[in-house]
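The values are calculated or read from the model by the stated rules, or taken from the named source; none is laboratory data. For clarity, every value in this text was computed on a predicted model and none was experimentally measured. Here the Cβ is made from the backbone with ideal geometry for all residues, glycine too, and neighbour counts use every protein chain on show.
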């Protein structure tokens, strides 16, 4: 046998021993511990009550519905909601598009990044526009 073949055979044997050791260690049952998975009830209901099942998603959806957005999670400044008459700006329409939404404010068509007086358009949502006036954020909602 050539030396290269002997080296390959030695490495293969070593890896086989490591694999057997790893497999035997993985299937060993620790003393006093069960390998059966533990089930945790995240539904928030009494386990003895089988009247209906509420999944984790439904529980989180119900709890999230009670929270109100107090600030934009991607900035440190809070969002301040104002009515159209208080901000002095009239939001009359939104042309919604995921890529390039447009808004009609005071009869002017604006996009994200445009300026209206001293305020800059930060974001255009399907039913509101968020403006930035320095450190202050203003949300103008589209009236039905």
| query | In the stretch 103-144, which residues are within 12 Å of residue 91 (Cα to Cα) and in contact with a helix residue (DSSP H, G or I) (Cβ under 7 Å, 6 or more places away or on another chain)? | reply | 140, 143
| request: Would you be able to say whether some residue in the stretch 97-107 is surrounded by fewer than 16 Cβ atoms within 10 Å (Cβ to Cβ) and closer than 17 Å to residue 74 by Cβ? | output: no
| query | Does residue 138 count as more than 22 Å from residue 74 (Cβ to Cβ), surrounded by 11 or more Cβ atoms within 10 Å (Cβ to Cβ), modelled with pLDDT of 85 or more and in contact with a strand residue (DSSP E or B) (Cβ under 9 Å, 6 or more places away or on another chain)? | reply | no
